[in-house]
Amino acid sequence: MPTVLTRAATEPCELGANVMTKNAAGRPGRPGPEIRCTGTAVLPPPRDGGAPQGLPGLGIDVARVHGDTAVVAVTGEIDLHTADTLRARLVALHATGLRHLVVDFGGVAFCDATGLGSLVAAHNEISADGGRISLARVRPAQRRLLRITGLHRLFPLHNDPDEACV
């Protein structure tokens, strides 16, 4: 009989042995556990809503404005839990009349694919209305990810936010 885990009283989860896993070389390996859940899931609260103390959040602040250009200082982590907040905030800032947003990544400790997707979504909305987004002070690992994905062609990269304001 498979092992049964319970995530909530209404959601029993069964562990079986019908799923193949991959070994370190990426080749099929031994069968691994299969997880089947039924019922309504009770998920943990989102990280940015009811996060336990000590988990990094996301800070988005307008550092300064030069005409229709704003330097937007972002701090923390841009991931599944915070990416939509970044997109919405950038689009909202553009809607106030700011045409060029310089996103200062100097305080961004981590940015995953979801974060990159939110930047692309913000770019699409903002550029459709004649605006643009530039990135400044992007850390080497994040800069490498932008180059690998080709997004360095979509977002001009600058070493200093003031250099991007020109």
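The values are calculated or read from the model by the stated rules, or taken from the named source; none is laboratory data. Being a predicted model, the structure only gives us computed values, none of them experimental. So basically every Cβ, Gly included, is an ideal-geometry build from the backbone, and we count neighbours across all protein chains shown. Surface areas here come from the heavy atoms of the whole protein model, side chains and all, with no ligands, DNA or RNA. Shrake-Rupley method; radii C 1.70, N 1.55, O 1.52, S 1.80 Å.
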Review point. Among the residues of the range 65-113, which ones are touching a strand residue (DSSP E or B) at 6+ places or on another chain (Cβ under 9 Å), of a type in the set (Val, Ile, Thr) and in a helix (DSSP H, G or I)?
Key: Thr85
Revision key, fill the gap. Within the range 131-150, the residues that are open to solvent by 60 Å² or more (accessible area, probe 1.4 Å) and not in a helix (DSSP H, G or I) are Arg132, Arg137, Arg139
Exercise for review: Identify the single condition in (1) of a type in the set (Gly, Ala, Ser); (2) out of contact with any Leu (no Cβ under 7 Å at 6 or more places or on another chain); (3) closer than 19 Å to Pro156 by Cα that Ala70 does not satisfy, given that it satisfies every other one.
Suggested key: (2)
**Study point:** Within the range 117-133, tally of residues that are aliphatic (A, V, I, L, M) and touching a Leu at 6+ places or on another chain (Cβ under 6 Å)
**Key:** 2
